[in-house]
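Notes for the one structure printed next.
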Amino acid sequence: MAIQQSELILNPDGSVYHLNLKPEHIAHDIIFVGDQDRVAKITKHFDSIEFSTQKREFKTQTGTYKGKRLTVMSTGIGPDNIDIVINELDALVNIDLETRKPKEKLTSLNIIRIGTSGSLHADIPVDSFVMAQFGLGLDNMLRSYLVDTVSNVEMENAFVEHTNWDLRKGKPVVIPCSSVLEKRIESDKMHKGITATAGGFYGPQGRILRLNIQDSTLNSKMDNFLFEGTRITNLEMETSAIYGLSALLGHHALSLNAIIANRANGTFSSDPYKAVDELIEYTLGKLAEK
């Protein structure tokens, strides 16, 4: 059955609604960044750029790096934006946009997020890299889907118990990274653990300006959460959404962060741009390997 126009919205030129992309515009290996200005910081390393477009905060460039075709895309901030980006990328490769029917042969994309973050532990210093083995969603976006088919329910329950989580906020969800991409990208320089994903920047991440928050001790409880030897390393706003939707749709996803601040000892990188550039160059090199 064809998908209705109201459910899969296309622009007059046939591109998907928010991303303004057609299937031929994207590679199968895609790098996500949050900030649209960071796209060019990655593609400046490319040998050539074949396509560029931007609509709202979604900027996309596709080109070649050392013979490897890659796409770099800005997602903007938050799980809600990731819901748009992943679903529309999947539509580009797995739905025939003319007939509006899912394809019989499905395509798996490789999606790697490169971001910046602050670490929660003194032994994860500034200028180091963190690889998210799990995404811990503190928001409710993924609960709109049948996410229990791909989530780690035991870790979710352990987190709820450890933090005395108020279920009026919705139950947290835990999604593992792609083991395929983990093996492809990992190195001795990577710290591994759980990346927590919040649905906002202020209250959801424990920041208090003029509004009191539901649990002012949540961050400290997250600091000492441990499940089968795995701890929460950092807190941001996209990873769990990327992992959950990718797993449900059959794509591979991995989230990497350059650590530019350390909350445990109060330090901040003296040159945060250098750390990000090093992570970019490392990731590009790994993706270009034969």
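The values are calculated or read from the model by the stated rules, or taken from the named source; none is laboratory data. Keep in mind that what you see is a predicted model, and the values were worked out from it rather than measured. Note: ideal-geometry Cβ built from the backbone for every residue, glycine included; neighbour counts use all protein chains shown. Surface areas here come from the heavy atoms of the whole protein model, side chains and all, with no ligands, DNA or RNA. Shrake-Rupley method; radii C 1.70, N 1.55, O 1.52, S 1.80 Å.
Assorted remarks:
- Taking a straight line from the alpha carbon of residue 103, these aspartates and glutamates sit under 14 Å away, with near neighbours fewer than eight places off in the same chain left out: 90.
- Remark: relative contact order (region 66-158) = 19 percent; criterion is Cα-Cα distance under 8 angstrom and separation of 6 or more residues.
- Taking all protein chains together, 65, 273, 243, 17 sort by accessible area into 273, 17, 65, 243, largest first [probe 1.4 Å].
- Candidate aspartates and glutamates - alpha carbon under 18 Å from residue 183, same-chain residues fewer than 8 apart omitted: 29, 281, 289
- Calculated translational diffusion coefficient of region 164-264 (4 °C, 1.567 mPa s; Stokes-Einstein with Kirkwood radius over alpha-carbon pairs) equals 85 µm²/s.
- Here's the list of lysines a cross-link from residue 171 could span, going by alpha-carbon distance under 18 Å and ignoring same-chain residues fewer than 8 apart: 221.
- With 19 Å as the limit on Cα-Cα distance, the pairs of 41/68; 22/55; 44/274; 66/189 that go past it are 66/189.
- The mean sequence distance of close C-alpha pairs (under 8 Å, at least 6 residues apart), as a share of the length of region 1-115, puts its relative contact order at 31 percent.
- Over all other residues within a Cβ to Cβ distance under 10 Å of residue 79, the charged ones net out to -4, with Lys and Arg as +1 and Asp and Glu as -1.
- Using C-alpha pairs below 8 Å separated by at least 6 residues, the relative contact order for the chain is 23 percent.
- The chain: calculated mean residue ellipticity at 222 nm from DSSP helix runs of at least 4, using -39500 (n - 2.57): -7500 deg cm²/dmol
- Whole-percent carbon and sulfur share, accessible surface of the chain, 1.4 Å: 50
- Net charge dipole size for the chain [Lys, Arg +1 and Asp, Glu -1 on Cβ; Debye, nearest 20]: 220
- Between region 261-290 and region 148-212, the Cα center-to-center distance that results, in Å: 21
- Antiparallel bridge percentage (DSSP; both residues within the chain; nearest 5): 50
- Charge sum, other residues only, whose C-beta stays under 10 Å from residue 227's C-beta, Lys/Arg counted +1 and Asp/Glu -1: -2
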